[in-house]
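Peer 1: The structure's right below; bear with me while I get my questions together.
The values are calculated or read from the model by the stated rules, or taken from the named source; none is laboratory data. These numbers were taken from a predicted model, which means no experiment stands behind them. Note: ideal-geometry Cβ built from the backbone for every residue, glycine included; neighbour counts use all protein chains shown.
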Amino acid sequence: MSALAEIIRREIAERGVLSFARFMELALYCPNSGYYEVKKDSPGQRGDFYTSVSTGELFGQLLAFQFADWFDELSMLNPQLSTLNLCEAGARDGRLAVDILNWLQAHRPGLFRQIQYCIIEPSPCQREWQKQTLKNFTARVRWFSGFQELAGRDSFEPTQRSTLNAQFRGVIFSNELLDAMPVHRFGWDAKKKKWFEWGVAVNGEKFVWAKIPNSELPFSILHLLARRSEAETSLSSLLDVLPDGYTIDISSAAENWWREAARILGNGKLMTIDYGLTADELFSPSRPHGTLRAYFRHHATDDVLANPGEQDLTAHVNFSVIQATGEVCGLTTEIFSTQAQFLTRIAERMFKDPKSFGEWGTKRNRQFQTLTHPEHLGGAFRALVQSRQAGNPCWTTVTKPKPSDKTVVGSVRWLRMPSWCRWWR
């Protein structure tokens, strides 16, 4: 049995049934043992899965072109700015940052000299990998452990909603980050008409699924549905036909991450590209087992409890929740589309400016097809872009759910920010 498996077994022995979110956090991020802590080459042909970055440098070049447009807009609105902040969260091995900075240096040297490239990375191990990859851009890159440090604050307090000084001006973005954040798994008891949480226990040498006693469903997703016109009736009807054991995956970590990013954004853009669906697409009888999957050597498996630390774990992002979270924080949604639509619009503008990318040969054609074809990466990934103009409030008023909303969804509660998530330590 691996050292990581022993760590998980000891925690189960001390705490009892472990939430899957905690299991997933340990499996992916446990220092010196977690999947992302020991597998530097997890993406790509030699790894367990492909990403947009592993297709080649074109993905980063397209993003760099878009970022340059956004920075031109920001500079026009704020001509006094001398430094432009470009912040990537979860930069993995730093290859995307290199592709972006290379394009800016070659095609927008003036803008490049103004750029301060910030990387949010709590893991010391991954920081070292990134520093090796970015050794030619040492003067342009700074590392931060989280949004608190980036904002120059020790912590964020819930009572600071209206007084938080959101000073970050620039672009904050992530690529395939939110789908790797831990998820809680909830099942539907058709007989009791009640939700319960799936946890992890030990049976002999194996980790097995077990129900967490007295668990309740967090309210974020179902409240979003219940707020819609006639949603109460449709949601109630849906619950009547859900099969026993129907499972959904909920990432409060991803929701809280987006909230913290929105809170420090004073003026600029917040963007993510990730595996994901809307709440309507996720919460459907056609998805009885949720979206949680494990990947090992480019093969997907449903056995997510096997071999912790040896396989990647991922669940689709609920973009309805993420989008609503940003809007509650005062952001305006500018783009929500497939990756294919998002990148194609950028490429169309690049073609009008041939100097921005040089010759578009066979190599780039292959990369672009992989990035945009619906049977490759173009359909599976979604892009969400939200923005804040200077002077917009950081928070908007949200109506609390009515008691009738809670009766529709069964046993519910508000889920606070998880103390275990590494992004908020």
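Peer 1: If a residue must be out of contact with any strand residue (DSSP E or B) (no Cβ under 8 Å at 6 or more places or on another chain) and in a loop (DSSP other than H, G, I, E, B), how many such residues does the stretch 95-124 contain?
Peer 2: Counting residues in the stretch 95-124 that are out of contact with any strand residue (DSSP E or B) (no Cβ under 8 Å at 6 or more places or on another chain) and in a loop (DSSP other than H, G, I, E, B) gives 3.
Peer 1: Among the residues in the stretch 70-79, are any over 14 Å from VAL53 (Cα atoms) and charged (D, E, K, R)?
Peer 2: yes
This table checks each residue for (1) at pLDDT 95 or above; (2) surrounded by 21 or more Cβ atoms within 10 Å (Cβ to Cβ); (3) over 16 Å from the mean Cα position of the chain (by Cα).
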| position | (1), (2), (3) |
| --- | --- |
| GLN323 | yes, no, no |
| GLU327 | yes, no, yes |
| PHE342 | yes, yes, yes |
| ASP353 | no, no, yes |
| GLU359 | no, no, yes |
| LYS363 | no, no, yes |
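Peer 1: Pick out, from the stretch 1-46, the helices (runs of 4 or more DSSP H) lying fully within it that include 3 or more residues that are at pLDDT 95 or above and closer than 13 Å to ASP312 by Cβ.
Peer 2: Those helices (runs of 4 or more DSSP H) span 20-29.
Peer 1: Taking the criterion of being out of contact with any Lys or Arg (no Cβ under 6 Å at 6 or more places or on another chain), under 29 Å from ALA254 (Cα atoms) and surrounded by fewer than 19 Cβ atoms within 10 Å (Cβ to Cβ), would at least one residue in the stretch 82-96 satisfy it?
Peer 2: Yes: the stretch 82-96 contains one or more residues that are out of contact with any Lys or Arg (no Cβ under 6 Å at 6 or more places or on another chain), under 29 Å from ALA254 (Cα atoms) and surrounded by fewer than 19 Cβ atoms within 10 Å (Cβ to Cβ).
Peer 1: Here are THR332, THR372: which of them is in contact with a Ser or Thr (Cβ under 9 Å, 6 or more places away or on another chain) and buried (at least 17 other Cβ atoms within 10 Å of the Cβ)?
Peer 2: THR372
Peer 1: Further question: In the stretch 323-349, how many residues are assigned to a helix (DSSP H, G or I) and not aromatic (Phe, Trp, Tyr)?
Peer 2: Qualifying residue count for the region: 16.
Peer 1: Give all pairs with beta carbons closer than 8 Å in which a residue from the stretch 66-89 that is within 13 Å of PHE112 (Cβ to Cβ) meets a residue that is of a type in the set (Gly, Ala, Ser); count only pairs at least 6 apart in sequence or on separate chains.
Peer 2: Cβ pairs passing all conditions: PHE71/GLY170; LEU84/SER75; LEU84/GLY170; LEU86/GLY170.
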